[in-house]
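Written below as structure tokens is the structure these notes are about.
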Amino acid sequence: MPATQKPMRYGHTEGHTDVCFDDSGSCIVTCGSDGDVRIWEDLDDDDPKSINVGEKAYSCALKNGKLVTAVSNNTIQVHTFPEGVPDGILTRFTTNANHVVFNGDGTKIAAGSSDFLVKIVDVMDCSQQKTFRGHDAPVLSLSFDPKDIFLASSSCDGSVKVWQISDQTCPISWPLLQKCNDVVNAKSICRLAWQPKSGKLLAVPVEKSVKLYKRETWSNQFDLSDDLISQTLNIVTWSPCGQYLAAGSINGLIIIWNVETKNCIERVKHEKGYAICGLSWHPTCGQIAYTDAEGNLGLLENVCDPSGKMSNSKRIVNDEEDDDDLMLASGRPRQRSHILEDDENSVDVTMLKIGSSLFKEEEDDQGGSIHNLPVVTSQRPFYDGPMPTPRQKPFQSGSTPLHLTHRFMVWNSIGIIRCYNDEQDNAIDVEFHDTSIHHATHLLNTFNYTVADLSHEAVLLACESTDELASKLHCLHLSSWDSSKEWIVDMPPNEDIEAICLGQGWAAAATSSLLLRLFTIGGVQKEVFSLPGPIVSMAGHGEQLVIVYHRGTGFDGDQCLGVQLLELGKKKKQILHGDPLPLTRKSYLVWVGFSAEGTPCYVDSEGIVRMLNRGLGHTWTPVCNTREHCKGKSDHYWVVGIHENPQQLRCIPCKGSRFPPTLPRPAVAVLSFKLPYCQTATEKGQMEEQYWRSVIFHNHLDYLAKNGYEYEESAKNQATKEQQELLLKMLALSCKLEREFRCVELAGLMTQNAVNLAIKYASRSRRLILAQRLGELAVEKAAELAATQAEEEEEEDFRKKLNVGYSNTSTEWSQPRLRNQVEEDTEDNGEADTTEENTEIHKHGQNPFFKSADSSDMPALKSGAVTSSSQGRINPFKVSGNSKEPAISVSSGRSTNILDTMNKSSKKSTALNRATDNEKSPVIKPLIPKPKPKQASAASFFQKRTSQADRTEEVKEENPKNSSSETPAVCPQNTENQRPKTGFQMWLEENRSNILSDNPDFSDEADIIKEGMVRFKVLSSEERKAWAAKAKGGTASDGAEEKKRKRVVDESQETENQEEKMKDLNLPKKQKPLDLSTNQKLSAFAFKQE
């Protein structure tokens, strides 16, 4: 009985149409020039499922649940089957792709395009591509050898070529077809096909016959033809058993031959005579689906057998071998579906039996191959566990795949490097985001560079080795101040550069010999060390280098990666010692680098961005999921940079692809960060996420401070303020929810100031138990703070001991303290001379008591002011340790101090300064003050200054001049380990809480002291005196003493005026004496608040 021809169905608009069956043969899939793919359950399906894939679809192929289409936007797209969800773009061409086919196991596709190129692409990893160049006109069709060794192609240049896939060579080419300039003008689309199972024969439709060529000898075995064929044959297809061959002509004739007997067994004519352009054989039974050039779909049934089944094909199978074959064939799809993660695909048992017979025959052909059947069947049952994952290849972050003719070699926060590799041009363009760094550069790519990196200082390029040339590292040193801007280093033989990166003043290259080579930016070779495994990628920033490599083999789709983090500064050290790199399940690394602030980050193929959390033992915290921002399943974000302040993830949205094209220029989008905390829809979860995100994103400030880098103090203050506000809000929320234990936990994260505010809030909320608990916590925090300060002081004391004999200039901290002491002393009206003495000491070069914290005999002024310290910013009220150190040498260098202008009030100071400037600095050892009559003090000015010792003695004796009626100003540090507190210090301690409550945003001690000074100055002089007396342990009965002191001051002032008149004779220029009121004005000016 002849084949049954069903009436044709309208499928697509007129134009080229393609057809295929799904793996089980349960669906017919067509695509057409309307850009739709339709899924037909059978020819009578009145409502086929439709998927729009583009403007026009030229070809489709289906295997393992992957529907691949060649679309008019020059791409090869993937959709899931049967859902039809876009699953990305496999590859791109510069013009339309004309044909796309799967290989036998569905792991690769081949595509031919009108730009003369043929590409083979790995379906699971589209970066694995091979390009075949050799055709001189558009490619018409392709066919995979069942053994995946060869690929056949036909072209408008009239040739049919066979390519060896492994080395991309062309062993044979036949000039069989009529030449033309485009597919639309081609007389035939020449859809050729390999014989299934063994691939022994290649069938090529040529004119009115089908030529069959033998594998490997490439000889024309025979031709198949028929008298009814009047027009050119367009397409051929084999039956799954490999016994029958069907061909379609441009006038609608379908012919079927038995290849063994070479007899024509079926002839079917298209009802309207349209050209047959799609032909597909059912995988298990005698059906052939066909489409014509007008968009119609037809079906032939009962082909080759009256029963409707391909019984001839089943006779090939040996019954005894059925079980083994079935097990083996079922084993193969099991493995394949496992690797492709396609569990929805069911495989027909009949298909398995046919496949097994084909495989058996294939093995018979190979003779004694190690892949023969008994070995496989005997070994197969022993291992049924997880399969190893292929290792991902090395890549450069911010680059697009190597096979693209126009690609990004790198896109980072500095600029972009593009590579053009086509027939017209092989060049590299370097473009900077900030053109003030360097102008754009165009380089010839003569060495075929494949990887690149870009920094403010240089452009780094590298190429693989060839048969003639070694692998090269090429650096363009942009910041070089000499005329030689370039250097090139050749790698040793058989060593290829696989990854490169740039840092500040250095470059690094990782090679195939598992070595990492360091260079200076000028080209000097530095350290070389071994990598623990094959390199995946690396990145540099400042002194930091992060390296990602394969620690081992992953299983079940997981990669097994390790990470090293090194610091290449003066003190070279390793931070991360090959720790495992956490990745999402079944994902791989797509980007690794640093934030603009220098924190290591990376992104995996599932779109999870992770950042190094230095505050939690160098762990990795996910900070963003870019997939949450994607609209479609096949959309991705291509990361180009990360900023921590402000919090920005800079990336390029890619629709239907993992990477952007070079043209048109992609637009950069900015995504926000979000930590994966629970219940972020609630207020509590939202604030928790915001708090910890703030903590993580400001860890870099501590890192910068620790490593001596500059950073904005305001940024840290702002971050602390923001964090404390969030903690207080969370505490208030917990308070409302009556979660008092949680409140105390939150307070544990707060600063001292915030805890005080929390106590106030708890008190006002009438939660007294909570307030009490918070109070206890505040005491603990204060004790911890004191202990920390004590440790710091010990460390500073140790530093000061190390600094013995070295001069240190006054620090900015000394100035406000000196202003404070002058203010207090002057307003006390009993300490004017003490102030002058202190001012005099500062005028005289450097502070002679720069090691004051260690000196046992240092005279302390009544105000308790601290003299300038050798360290930087130090708490001016800090209690320091002591030691009985001998005298300290004084530097002759002058320090600038705002109180220097007051020294005119004392001729003693002038004399001392003159002596100091003229001679080497004297060694001054302060003595404990002794009561001394003011007459003796005045007389000391009339003594002849003949020796250095006399001058030293003056300084020794002047200090205690007016201290006869008061407690000695020096704290005997050999008996007590701390100086007496000043009145201001005692006042500040009692009023600190008031200042903090009025100014909750104060977090720095300096701000509190400054505000305290302002408030203390407003007090009346009697109150200030009372605080000063309280500090010295005096009583209220000291009123008479104060009057006496005032009288002494007045007398001493008269004495000084007399002395000045006498001393003016010895001065080169007469100076106008300053009285106490002038001194008060100056101190008020020095203390003036802005």
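Remark: accessible surface ordering of Glu725, Glu738 (largest first) is Glu738, Glu725, probe radius 1.4 Å. Amide H to amide H distances under 5 Å link Thr13 with Ser33, Asp34, where only residues 5 or more positions off or on other chains count and H is placed in the peptide plane. When the solvent-accessible area of the stretch 433-550 is split by element, carbon and sulfur atoms take up 52 percent of it, the probe being 1.4 Å.
Each peptide in 388-397, 758-767, 216-225 gets a packing score, the mean of other Cβ atoms within 10 Å over its residues, and the list from highest to lowest is 388-397, 758-767, 216-225.
The overall shape of the stretch 1-135, judged from the alpha-carbon gyration tensor, is prolate: a/c is not under 1.5, and a/b is greater than b/c.
Looking at the stretch 408-507, the GluC sites (Glu not before Pro) that sit in a DSSP loop and have at most 14 other Cβ atoms within 10 Å of their own Cβ are Glu423, Glu468. A simple spin-label model places the labels of Glu738 and Val184 8.0 nm from each other, with each point 7 Å out along Cα-to-Cβ. Backbone amide hydrogens, once placed in the peptide plane, bring Ser209 within less than 5 Å of Leu233, excluding anything fewer than 5 places away on its chain. Ordering of 127-133, 487-493 by packing is 127-133, 487-493, highest average first (other Cβ atoms within 10 Å, averaged per residue). Modelled spin-label separation between Lys570 and Gln686, with each label point placed 7 Å from Cα along the Cα-to-Cβ direction: 4.9 nm.
Percent of accessible area on the stretch 669-789 owned by carbon and sulfur, 1.4 Å probe?
52
Net charge of the neighbourhood of Gln5, taken over other residues with C-beta under 12 Å away and scored Lys/Arg +1, Asp/Glu -1, is 0. Total lysine pairs in the stretch 1-118 at Cα distances under 22 Å, for residues eight or more apart or on different chains: 6.
Pairs of Lys residues in the stretch 560-717 are counted when their Cα atoms are under 21 angstrom apart and they lie 8 or more places apart or on different chains; the count is 12.
Annotation for the stretch 244-306: trypsin sites (Lys or Arg not before Pro) lying in DSSP loop with at most 14 further Cβ atoms inside 10 Å of their Cβ are Lys262, Lys272. Between Ala669 and Lys485, the simple label model (points 7 Å from Cα in the Cβ direction) yields a spacing of 3.7 nm. Solvent-accessible area per residue in the stretch 114-173 equals 32 Å², computed with a 1.4 angstrom probe and all protein chains kept.
Here the accessible area of the stretch 1-115 is 48 percent carbon and sulfur, with a 1.4 angstrom probe and all protein chains present. Full extension of the segment from Cys678 to Glu301, taken as 0.36 nm per residue of separation minus the current Cα-Cα distance, would add 129.8 nm. For the stretch 781-788, backbone phi angles converted through the Karplus equation (6.51, -1.76, 1.60; θ = phi - 60°) give residue-by-residue couplings of 4, 5, 5, 4, 5, 5, 4, 4 Hz, Gly and Pro being listed as x.
The values are calculated or read from the model by the stated rules, or taken from the named source; none is laboratory data. The model shown is predicted, which means the values in this text are computed figures rather than measured ones. Cβ coordinates were reconstructed from backbone atoms using ideal geometry, including for glycine residues, and neighbour counts include every protein chain displayed. The protein model used for the area step is the full one, side chains on, heavy atoms only, and it has no ligands, DNA or RNA in it. Shrake-Rupley method; radii C 1.70, N 1.55, O 1.52, S 1.80 Å.
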